[in-house]
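One structure is given below, encoded as structure tokens.
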Amino acid sequence: MDQQLIEKVMQQVSDELGIQQTDSRSERCGGIGLTEFVGTAIGDTIGLVIASVDPLLVDVMKLGKYRSIGIIGGRVGAGPQIWAVDEAVKATNTEIISVELPRDTKGGAGHGSLIYIGAEDVSDARRAVEIALQALPKYFGDVYVNDAGHLEFQYTARASYCLEKALGAPIGRAFGMTCAGPAAIGTVLADIAVKAANVEVVGYCSPAGGTSYSNEVLLTFTGDSGAVRQAVRAAIDAGKKMLGALGDEPKSTTTPYI
Amino acid sequence: MDQQLIEKVMQQVSDELGIQQTDSRSERCGGIGLTEFVGTAIGDTIGLVIASVDPLLVDVMKLGKYRSIGIIGGRVGAGPQIWAVDEAVKATNTEIISVELPRDTKGGAGHGSLIYIGAEDVSDARRAVEIALQALPKYFGDVYVNDAGHLEFQYTARASYCLEKALGAPIGRAFGMTCAGPAAIGTVLADIAVKAANVEVVGYCSPAGGTSYSNEVLLTFTGDSGAVRQAVRAAIDAGKKMLGALGDEPKSTTTPYI
Amino acid sequence: MDQQLIEKVMQQVSDELGIQQTDSRSERCGGIGLTEFVGTAIGDTIGLVIASVDPLLVDVMKLGKYRSIGIIGGRVGAGPQIWAVDEAVKATNTEIISVELPRDTKGGAGHGSLIYIGAEDVSDARRAVEIALQALPKYFGDVYVNDAGHLEFQYTARASYCLEKALGAPIGRAFGMTCAGPAAIGTVLADIAVKAANVEVVGYCSPAGGTSYSNEVLLTFTGDSGAVRQAVRAAIDAGKKMLGALGDEPKSTTTPYI
């Protein structure tokens, strides 16, 4: 009993952090006997495709010209999924239909995600979903969590269509993000980031504006790729100190990449 | 100590699922010494009445002509409460004043609920609340949960005023719903449902439209009662497979009824 | 191992309640080596200052004329933080810039908070944040919780600028609040409060109106200070009975003050 008990408690602690520590299930994807299923990944994220959405749903789902869609959605995380899908649309013949941000993270301070990817051919949609699922662990690398909240940092040298659709990123330019919950920490991170390097602000989101009432302040910015990366990096250390003052030392969910 | 510890851990696991497994408290309702109290039921749901709402509150609460109200509200679940109250209004001389959907489920992906029932006489309001509390376990029957999320399916052969107010159901007609969180699963369920039978879409809700930023996609539909039931049933098996790919096998909260 | 296990379980139970039972960290504030840091307090609340917000952020943060700001934000609780900051603005040369209410409480039914305080001089902003952090435990005193939800009651003999900004309180007058989640309980508390004394309603908030989709009904009122206090007190006992019907006896988070 003791071992089971420990596992249950550990699972609970892990759930509280809002993150699955590992997910080997994505390696056995396709085994559930449903043609729509592609795979799963970290953050209770599932990847699905619909080869031809029923005509009754095309309008209510606002699919535009697309009938073949890929779907990426998770309970925990929006930034990582958005960055991962951005990588997927760069590598495939697909477009972003919509990005929605539920208020979730399984009791955490942030968002979950629901992203629709459009394609002429379902094999393209499936490929995009596969790439996004594979890329997802990377983009959880600079998500740091403890029992009080989380920090999230993202960076790309070249933003593409998913970052444009979800966060207004300028296509083809470097793009960075600082984010924290509780939101108060995110405010200070935003100030530290813009003071650290010569960047241009793209967006500022707070609980009452731009988020789905998440307990986060989020800043996005563009500029020279070196400057954007420098701004993000400057905020990481400060974020860990502030969130660490409310609990244990915040830990990377996977492996930092910035 | 060990036994207490186990109970606490079990309670936590149960809480994580967002559901009270059993609730014998509804049987000892009325015992708290407060005239407004009617009873409790599954999903941290409480039933209350106010015989005559204070005039100071009638406008801010948007009660219209009613002064006697019944109140059903829970932390976990909106669909089950809406369906249970629909049954209650059919059986009593009451009307639906309002249905509100907080973003809740105690860390889960969905909604809680707050429903005001209006009556000329408080005894009618109380009776409606009693019926709704009694019916509630039935409508948790096709709510399936695991640690990653939930599936919800509902069906009625004849929709009444609560389903009309809350979900736009056509009065007197068969009405069904598919729903899942994470939302991505709900999207595929919607497509499976409309492909399975000749139904007419009533509503489609997603995190950014029609929900209170819950991590759900929800489809409602009407049609011939056999077709509506067939559409719902087709989605149940697929839903269990998809949600099961993210965690344990999803289990019914009570006993399936569809 | 057993002792660690017990501590982890206890922590989880405490987290489920959405409240840190004690927080001695606020006494060792300033020790994290970041000039912006002021301290922490109950409810995963952090207090911060920015001496001069970067010009790039002044507009997006809607700071108006202020460059020096104090920041109070927590995962759990909005009312306590609003009341504590109200006390702080009375005692310092500061103003309230904004009050935002994320949907949070770490899986609970209510809000978190993000409050920006403006000052001509950063030392004033810092002093206000210090006072708010010190006052915060008092205003968690009439927050009562169990595993099903929470009750919150607040009272002041003289409302100031933070209560005006956040809740529309009339400056200088007595001001009270009743609140509960699940929301159904809050509805009955509102009715009990206005029937108990001669008060004037200021605001009524529910999941779909005035909250950030929290599972709460909240009533605020003004009047003679004796009447306001009497209205609040009348609701406390009824609230404990109703919430207690859904779980254990609701306990004060700190020490009741009303």
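Tabulated results
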| item | result |
| --- | --- |
| Scan of the range A:48-60 for residues that are more than 8 Å from chain B (Cβ to nearest Cβ) and touching a residue at least 24 places away in the same chain (Cβ under 8 Å), ordered by number | A:V49, A:A51, A:S52 |
| Every residue from the range C:122-178 that is under 12 Å from C:V89 (Cα atoms) and of a type in the set (F, W, Y) | C:Y161 |
| Identity of the residue in the range A:39-51, assigned to a loop (DSSP other than H, G, I, E, B) and touching a Lys or Arg at 6+ places or on another chain (Cβ under 9 Å), that ends up surrounded by the fewest Cβ atoms within 10 Å (Cβ to Cβ) | A:A51 |
| Set B:D237, B:D224: member being more than 8 Å from chain A (Cβ to nearest Cβ) and free of Cβ contacts under 8 Å to residues at least 12 places away in the same chain | B:D237 |
| Search result, residues across the range B:214-236 that are surrounded by fewer than 24 Cβ atoms within 10 Å (Cβ to Cβ) and within 21 Å of B:G108 (Cα to Cα) | B:I236 |
| Members of the range C:237-258 found to be part of a helix (DSSP H, G or I) and buried (at least 16 other Cβ atoms within 10 Å of the Cβ), listed by number | C:A238, C:G239, C:K240, C:K241, C:M242, C:L243, C:G244, C:A245 |
| Test: residue in the range C:52-59 that is assigned by TED's automatic domain parsing to the domain that holds C:G107, out of contact with any strand residue (DSSP E or B) (no Cβ under 8 Å at 6 or more places or on another chain) and not in a loop (DSSP other than H, G, I, E, B) | yes |
| Check on A:A159, closer than 29 Å to C:G209 by Cα and modelled with pLDDT of 95 or more | no |
| Scan of the range C:24-47 for residues that are at pLDDT below 95, under 21 Å from the mean Cα position of the chain (by Cα) and facing chain A (nearest Cβ under 9 Å), ordered by number | C:R25, C:C29 |
| Residues of the range C:163-182 that turn out to be within 30 Å of C:L246 (Cα to Cα) and without any contact (Cβ under 8 Å) to a residue 60 or more places away in the chain, as a count | 2 |
| Meets criteria (within 11 Å of another protein chain (Cβ to nearest Cβ) and at pLDDT 95 or above) for C:L101 | yes |
| Where a residue in the range A:61-83 is facing chain B (nearest Cβ under 9 Å) and its partner, wherever it lies, is at pLDDT below 95 and in a loop (DSSP other than H, G, I, E, B), with Cβ under 9 Å and at least six apart | A:R75/A:G18 |
| Matching residues in the range C:68-110 - criterion: being of a type in the set (D, E), surrounded by 24 or more Cβ atoms within 10 Å (Cβ to Cβ) and either over 20 Å from B:G110 (Cα atoms) or in contact with a Cys (Cβ under 7 Å, 6 or more places away or on another chain) (or both) | C:D86 |
| Failed criterion for C:V201 (all others in (1) crowded, with 24+ Cβ neighbours inside 10 Å; (2) within 7 Å of chain B (Cβ to nearest Cβ) hold) | (1) |
| Single residue of C:G210, C:G186 found to be within 17 Å of the chain's Cα centre (by Cα), crowded, with 21+ Cβ neighbours inside 10 Å and without any contact (Cβ under 8 Å) to a residue 40 or more places away in the chain | C:G186 |
| Some residue of the range A:111-134 being surrounded by 22 or more Cβ atoms within 10 Å (Cβ to Cβ), within 13 Å of the chain's Cα centre (by Cα) and within 14 Å of chain C (Cβ to nearest Cβ) | yes |
| Residue within the range C:80-98 that is closer than 30 Å to C:I185 by Cα, part of a strand (DSSP E or B), outside the structural domain of C:P207 (by TED's automatic domain parsing) and modelled with pLDDT of 95 or more present | yes |
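The values are calculated or read from the model by the stated rules, or taken from the named source; none is laboratory data. Being a predicted model, the structure only gives us computed values, none of them experimental. For neighbour counting, all protein chains shown are included, and Cβ atoms are generated from backbone atoms with ideal geometry for every residue, glycine included.
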